[in-house]
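Inspection log for the structure reproduced underneath, given as C-alpha cells.
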Amino acid sequence: MVTADIPAVLTLDQRCLGGLWTRSGYERELDSEHSDLLVILKSNSLELLNCRLTQASTQLGAATNSDGDRNPINRNARFTANTQIDSGAPSKPSPIRREQKIELLGVGCLWAILEEAHITTLAIDPSYQGERLGLWLLSHLLQKACDRSLTHATLEVRASNHPALSLYQKFGFEEAGRRKRYYADGEDARILWRSGLQSADCIAQINRHQTQSMRQLKQKQNYRFYPEDLHLIQSLEQKV
C-alpha cells in the first residue's frame, strides 16, 4: 500500500467496516515500521499497473536519505516496489488512456506488538467476496507475521460474521474470549487467537493456503498475477 491508495481504501473501509479508520489513521500506519499494509488491486491495463508500481518505487525512493538509510514513513511502499524487475531509476510512464482503470479489491493490516501480530483490518470489496481473495490476503498477512518472527496472532471479529469466522478457522484461529458491545452498534466482538506461527505445521498451512487460493483464483476467476509477487496481487481481465 502507498499513500495514493488511501482514498480508495477509505471508500472500501466505509463499505465493509462502517468507516473504522480515518485518513490520518491509515497515514499513521504507513508511517509506522511496526505495521504491514497489503492491498489487492485490479486493472484492465498492464500499462497502468506499471505506472502504479513506478509510483510506489518513487515513494520509496523519497524515503531514503543521503546515507542510504530507510525512513520508516514509506516502509510499506517497499512491499510494492519490490515487484519492479529493474532496480534502476524508473522510466517515465506512458500517458494513461481514459478508459483504463485500476480498482482496489481488498486491504489488510497488521500491527507487530512484541511477539504478537494483531490483525486490525481485513476487508474485501463486497462485489468480489466469495472468490477466495480473503484467503489469499490473510495468508499473506500471516506470512508477513512469520517474516517478522512473531509467534502468535490475534484479532477481533463480529460475533455474527460467520464467513469471516470460517476463514480464520481455516488458519487455526480459536476463540479466546469476547469484548462486550465492542462495535458502535452494540454488537460483541469475538477475540480470536492463533499461536505457534513459527511452527513447521503453521508455516506449511500458510503456504498451502497461498498456493491453493492462487491456483483457484487463476482457474475459476480468470485472474492473472502481475508480476508473480507475494505482496501484491494485480488481476487483469482478458476482456476490457
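Summary of values
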read-out: Residue pairs, from the table 101/220; 42/218; 42/101, whose Cα atoms sit over 19 Å apart; value: 101/220
read-out: Residue (of 137, 110, 150) at the positive-pole extreme of the stretch 107-196, dipole from beta-carbon charges; value: 150
read-out: Global form of the stretch 98-201, assessed from the alpha-carbon gyration tensor, a/c cut-off 1.5; value: oblate
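Taken together, the values in this text are just the output of simple stated rules run on the coordinates, not laboratory data. Computed from a predicted model, the values in this text were never measured in an experiment. All Cβ positions, glycine included, derive from the backbone under ideal geometry; neighbour counts span all protein chains shown.
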